[in-house]
Structures are given as structure tokens and as C-alpha cells.
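Colleague: Have a look at this one.
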């Protein structure tokens, strides 16, 4: 493999870890992603540090937790607060490219042109801040002329990624992010080619979906799985381009999401909630040097801020001092691995659906347990091995008091380490100067 391997990150929006064939979902039809999983390290216990689009994406690019990069809600600006992963690659002689959804500019207009100095050192640029109108999806390049993706945008974006890969000068390594909008709702905005595979009446729901929302859940799942099937097709297009250009043995592939989707689990919709359907995301890392075509699965916890230092380490590139995530490449290489074995997640200021029904929280997830604390005190405790659908809250159960105390101590230690005082959301909004509407979200124009 080349001393400077290419890196491609395939980033889905609102794709939960459970909704893929290799993860055991009987509804899913994802043959290309499943094949990728068989050649990758599957981090089956990957947690998003904040189950919301902009905070998670900012953490992926900076390796920091949201209170450090200050993107704690959607539609606020990620400034040049720290070296981005793209800047490290660019300084190492890589071409850097970003295609698809950005959602980090925070200008107040999701369709506005994003100047070069606000792109976190990505050079090739085919991007819109944010849209989920998948058949009328616009984007900007380097100039101030707006373009439109033809047809379903994820497929058009994947074609653009394929063209980028095939047009590359092989003497220059590249770092490419392809950021798809699906399977984020609207769930039905997808071609009949994919929708017809998932009739609602034939879908299984998770065991934590209550009876009153079963019908709606199946309806939503029908479109959700159709989007996921479409992304599987997109993934195949890009993987084929890598193979056809002869760079398969010198290219690291990362497949992941920013956060999950409840889809009726626990009677809730959307994200931000602290349950697994919201906080657990897929993470496959295919490094041809590591797995030799053999599948490796690990339930060692990994967090979104960990992804930047892990990838940089795999590429033998320096990790900036500003990074708060931890290098987990040792899990892949057999090297040193931090012994903490826990991933931190949080809601800093609730917005939209979660603003109505939820609250701020801080949580920690190990390979076995989930523990969550709200501002009022210990809130949730689950044994995820004995209770994989998180139906039995063990907070206050005397038989689990030692487990609760241990996890509470570990959570407090990690928060202290990153300087998180766990204050009410309105205090952070005031400190960072964010003005929100009645739903807790920053107003924006499409």
C-alpha cells in the first residue's frame, strides 16, 4: 500500500446502526455495504457524541466535542477554531474534496454560497449547506453559479464522486468526503425502484416500538429502508470506481453516519434522544493493510471525535493537539488501545421534537451498559446485553447500585477531562450568542 493512502469517507445522514444487513436487520437489503463489512473492521459499538446533524459533523471534522467547537445545535457556524481533518491532509500533500451536504456554515440560509475561507480546507467542492428535497437538490462549486443534482441527489452525488476518483492524478493522494442526505426524512422521497422492495405490511419493527405507533412506524420504515437501499447502490458505485481505477489496495474506506433515527422506538421519532436507535451509528473502516479481506468485528466503544485521530494515525499523519478524541487504531492494528472502554454522548440544548418531549443530558456507553444523567440526576441505566431493546431502566435498582455508581463516576471523570460543566442549555446558548425560536432551533431560510 502507498505510504500516503487515499481516504474516502462515505457519510450518511440519520442512518442508525441497526438498519443494515450485516448488523442483522431482517428488513434491510444492503448487499454492497454488507460486502464492505466483510472486508472491514466493524466497530459495532460506535456512538455519536451528540445525536444531531451539525454537532456530530463538526466533531468528525475537528476531533473535538461540541462544547469545544461550539456547534451544539443545528444551523450554527463551525469557525476555524481548530485544525480540521482536511487541513491535516492538505498540509501533508493531499487533495481534499467534499461532495454533498455540509450543514456547518450557519449563515441563516441553507441555500447560500459558502466561501472558500469557510470550507475547513476542502479544495474540491460540490456542496449545499443542507436540503432534504432529494429531487430538487441544488449545490455550489467554486464559482457563484448554482447547480442542480440531476434526479435523486445521492445517486447524482455518487456519480460525481466516481468521476472525481477516476479523474485523479495517481501521483497525488486524496481525501474525499461524500455526504448523502438520506435516509433522513422525508422517508417517501425515493424512487419506486427502491420503495417497491419494502411494503409496510411486510416489515418487522423493533421490539421497543409500542402498539399505538406500529402502523406509523412501518410506514416510515418502508421509505427509510428504501433510502438505505438506494445508499447501498451509491456505495457500490463508488467502491466500483475505486476498484476500476486500480487504487483499491491503497485506499482506506470509511462508511458511517452522523446519528441514528428512532422511527417509533420508545414511542418517539427523530433523533437527539439517548436510546440506542438514536446514538448508535454504523462505522466500517476498510484498510487493506489491516484485515486482508477478513472481517473483524469489535464492540470496543468508539466515539465520533475518535474517528479523526484514528484515521490520521492509520495514515501516519500528526494528530493536532486540539483533538479531544482518542486514537482507536490500535483496535485494528493490535497496538495500544486506551483502557477507558466507554463513549460519551450528550444533548446540550434540545431542539424541535426533542425540545417538546426531552431534556438536556450527558451519557456514557460501554460495551455492556448505558448510563445517562439529566440535570435532575441519574435518569437511565440499561444492561444492553441482557436488555438489547432497552426496555428496563435500572436506575435506582439496588441490585445494580454498584454498576450505577461506577458508571456515574466514569461519566463525571470524562466530563471533567473535557471541561464540560453540564449546565442548562440556555446558558450555553447565551454564552455562544445563539438566538433560537420557540422550538429551540436557530431560524433559517431554505
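The values are calculated or read from the model by the stated rules, or taken from the named source; none is laboratory data. Quick caveat, the model's predicted, so the values are computed rather than measured. So basically every Cβ, Gly included, is an ideal-geometry build from the backbone, and we count neighbours across all protein chains shown.
Colleague: Test residue 32 against the stated conditions and say whether it is outside any strand (DSSP E or B), closer than 28 Å to residue 327 by Cβ, out of contact with any strand residue (DSSP E or B) (no Cβ under 6 Å at 6 or more places or on another chain) and in contact (Cβ under 8 Å) with a residue 24 or more places away in the chain.
Modeller: Here the answer is no, as residue 32 does not meet what is asked.
Colleague: Now, a different point. Looking at residue 243, is it modelled with pLDDT of 95 or more, surrounded by fewer than 19 Cβ atoms within 10 Å (Cβ to Cβ) and within 26 Å of residue 10 (Cβ to Cβ)?
Modeller: yes
Colleague: Go over the candidates 337, 331, 323 one by one and state the one that is modelled with pLDDT of 95 or more and in contact with a helix residue (DSSP H, G or I) (Cβ under 9 Å, 6 or more places away or on another chain).
Modeller: 323
Colleague: Could you look through the range 260-291, keep only residues that are part of a loop (DSSP other than H, G, I, E, B) and at positive phi, and pick out the one that is surrounded by the fewest Cβ atoms within 10 Å (Cβ to Cβ)?
Modeller: For the range 260-291, the residue satisfying everything is 270.
Colleague: In addition: Output the residues belonging to the range 157-188 that are touching a strand residue (DSSP E or B) at 6+ places or on another chain (Cβ under 8 Å) and within 15 Å of residue 261 (Cβ to Cβ).
Modeller: Those that are touching a strand residue (DSSP E or B) at 6+ places or on another chain (Cβ under 8 Å) and within 15 Å of residue 261 (Cβ to Cβ): 180, 181, 182, 183, 184.
Results for (1) in a loop (DSSP other than H, G, I, E, B); (2) surrounded by fewer than 23 Cβ atoms within 10 Å (Cβ to Cβ), shown as yes or no for each residue.
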residue	(1), (2)
56	no, no
64	yes, no
68	no, yes
77	yes, yes
80	yes, yes
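Colleague: Also, I was wondering about something else. Among the candidates 361, 382, 434, single out the residue that is surrounded by 12 or more Cβ atoms within 10 Å (Cβ to Cβ) and either closer than 30 Å to residue 111 by Cα or more than 25 Å from the chain's Cα centre (by Cα) (or both).
Modeller: Just a single option satisfies the conditions, and that option is 434.
Colleague: Within the range 171-192, identify whether any single residue is free of Cβ contacts under 8 Å to residues at least 40 places away in the same chain and in contact with a helix residue (DSSP H, G or I) (Cβ under 6 Å, 6 or more places away or on another chain), and answer yes or no.
Modeller: yes
Yes/no matrix, rows are residues, columns are (1) touching a residue at least 40 places away in the same chain (Cβ under 8 Å); (2) surrounded by fewer than 16 Cβ atoms within 10 Å (Cβ to Cβ); (3) assigned by TED's automatic domain parsing to the domain that holds residue 285; (4) in a loop (DSSP other than H, G, I, E, B):
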residue: 300; (1), (2), (3), (4): yes, no, yes, yes
residue: 307; (1), (2), (3), (4): yes, no, yes, no
residue: 312; (1), (2), (3), (4): yes, no, yes, no
residue: 349; (1), (2), (3), (4): yes, no, no, yes
residue: 378; (1), (2), (3), (4): no, no, no, no
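Colleague: Follow-up. Hey, can you tell me all the residues within the range 389-421 that are touching a residue at least 40 places away in the same chain (Cβ under 8 Å) and either farther than 11 Å from residue 363 by Cα or assigned to a loop (DSSP other than H, G, I, E, B) (or both)?
Modeller: If the condition is that a residue be touching a residue at least 40 places away in the same chain (Cβ under 8 Å) and either farther than 11 Å from residue 363 by Cα or assigned to a loop (DSSP other than H, G, I, E, B) (or both), then 389, 390, 391, 418, 419, 420 are the ones that fit.
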